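A quick write-up on the structure given underneath.
The values are calculated or read from the model by the stated rules, or taken from the named source; none is laboratory data. Everything quoted here is computed from the prediction, not taken from an experiment. Positions of Cβ are generated from backbone atoms using ideal geometry, with glycine treated the same way; all protein chains shown enter the neighbour counts. For the accessible areas, the whole protein counts, side chains as well, though only heavy atoms, and no ligand, DNA or RNA atoms are used. Shrake-Rupley method; radii C 1.70, N 1.55, O 1.52, S 1.80 Å.
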Amino acid sequence: LLLLLLLFCTCTSNMASKVLVVGSGAVGLRTALELLRRNVSVVLKSSRHPLSPISCSVGAGGLWMPYQCNDPRVSGWAMETLDELWNESATSESTVELVHAVMLKREHKGPSVQDFISKDYKEGQGGDSPLPAWTTDRRLDFQHLTVEMLSWQNQIYRLRIPSEKELVNLGYLHAWLFRTPIVDSPRQLERMLEQVEKHDNTISVDFSHEFGSLRDMVKDAAELSCDGVVNCAGLASSTLCKDSKVIGGRGIILNYDREACKRNEFIHDASGEVMANDAVIMTDEAPWGTETEACYLIPRGNVLVIGGSYLEGDTSTEIRPAERKRLLKNAQCLGIDTEKSEPTAEWVGFRPARETVRCEVDETAGKEEGVRVVHNYGHGGSG
């Protein structure tokens, strides 16, 4: 995002002075803020309010972990985001919480002894590893463990996770354990919106404007005397830009009140202690999860988020009965007493999935009007 905006502001002989930003999700609001911080005046327009219940950003679990986006640039962007979130977690009234996360695995699928005795490793260039590159960041304290080792660690961390015995019986013999930021998405959106609205360089904010095409955006920008447009319309870009590569990755979740909901007790096998600290628990492997229908719990702000799914091309805006049954089962497995606790909300959203993020200057649109067009959409589950 920063590289794109720097390009936008410097690729012409004069820095952009006034820009129309289209879209008010996490990407749109942050784009507007980056321009404002560079003394660029901003007009922000969107078809819905950032805190609308149907906004993809509102329902986001907020877990920092690159997900469902194969663009090679995402790794670098993710690390820049990690830097910022890590620092923000230490501030007062932060919208970011550092939480331990456990990813359950049936098989090891990590570096082997052979990897560490490879020629590259001996030459100091590192061995081969099937683990994602982000796992090497030392702040995350990433560990690839057997569930027996996880149980040993949990005598210290006291995380609310299933016992070693239960996990082994289910076939989960291995796990990833790491510490990661969780963003309270609604509060973060509210904070960014407040910053945009109060900024001296913000000209206007409109959450009731429907654009019919990219051409409409350019025309509106020209009428407003803007010399640039940044399109952050997400999934809507499939229609606005006639971009057939953008497709919705449907997600479903239930929310439970983090303080009030009744919990099943997770008892440590060895110590007999009740585990008391919230943790992210997730798996995309059977029996609890699949690649497209993951099972997870994310403690986010004042809620426990239970999911989920990533179903490309599924356009249903309601949670189906069978899906609700699965989510309730996930909640029960992950420590919520579903007989004594009701969800406080349910949500369906559509991640703007694309083979690669469209983060680029449009070399054809807006030339006639003298309006430079920049696209910033298609981030999938890594927005």
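Of note:
- Residues of segment 187-237 satisfying the condition of being part of a loop (DSSP other than H, G, I, E, B) and among the hydroxyl-bearing types (Ser, Thr, Tyr): SER208, SER213, SER225
- Conditions (1) within 30 Å of VAL168 (Cβ to Cβ); (2) surrounded by fewer than 20 Cβ atoms within 10 Å (Cβ to Cβ); (3) of a type outside the set (Lys, Arg); number of the one not met by THR315: (1)
- Scan of segment 165-186 for residues that are open to solvent by 50 Å² or more (accessible area, probe 1.4 Å) and not in a helix (DSSP H, G or I), ordered by number: LEU173, ARG179
- Qualifying residues in segment 261-292 (those that are free of Cβ contacts under 8 Å to residues at least 60 places away in the same chain and over 18 Å from LEU63 (Cβ atoms)) - the one most open to solvent (accessible area, probe 1.4 Å): GLU265
- Screening segment 259-307 for strands (runs of 3 or more DSSP E) wholly inside it with 1 or more residues that are in contact with a Lys or Arg (Cβ under 6 Å, 6 or more places away or on another chain) and over 14 Å from ARG160 (Cβ atoms) returns the ranges 303-307.
- Residue that is most open to solvent (accessible area, probe 1.4 Å), among those in segment 91-103 that are small (Gly, Ala, Ser) and free of Cβ contacts under 8 Å to residues at least 24 places away in the same chain: SER92
- Condition check for GLU88: open to solvent by 70 Å² or more (accessible area, probe 1.4 Å) and modelled with pLDDT of 80 or more: no
- Top-ranked residue in segment 332-365 [being in a loop (DSSP other than H, G, I, E, B) and under 18 Å from MET282 (Cβ atoms); ranked as nearest to the chain's Cα centre (by Cα)]: LEU334
- Residue within segment 64-73 that is over 28 Å from GLY249 (Cα atoms), open to solvent by 20 Å² or more (accessible area, probe 1.4 Å) and in contact with a helix residue (DSSP H, G or I) (Cβ under 6 Å, 6 or more places away or on another chain) present: no
- Boolean, VAL374 is assigned to a strand (DSSP E or B), among the aliphatic types (A, V, I, L, M), more than 17 Å from TYR296 (Cα to Cα) and open to solvent by 10 Å² or more (accessible area, probe 1.4 Å): no
- Checked against (1) open to solvent by less than 90 Å² (accessible area, probe 1.4 Å); (2) at pLDDT below 95; (3) not aliphatic (A, V, I, L, M), THR146 passes all but a single condition, namely (2).
- Flag for LYS325 being surrounded by fewer than 20 Cβ atoms within 10 Å (Cβ to Cβ), basic (Lys, Arg) and in a helix (DSSP H, G or I): yes
- Hits in segment 48-82 (condition: in a helix (DSSP H, G or I) and either in contact (Cβ under 8 Å) with a residue 40 or more places away in the chain or under 15 Å from TYR377 (Cα atoms) (or both)): CYS56, SER57, VAL58, GLY59, VAL74, SER75, TRP77, ALA78, MET79, GLU80, LEU82
- Selection status of SER225, hydroxyl-bearing (Ser, Thr, Tyr), in contact (Cβ under 8 Å) with a residue 60 or more places away in the chain and surrounded by fewer than 18 Cβ atoms within 10 Å (Cβ to Cβ): yes
- Within segment 293-312, the set of residues being open to solvent by 40 Å² or more (accessible area, probe 1.4 Å) and farther than 28 Å from GLU97 by Cβ comprises GLU312 only.
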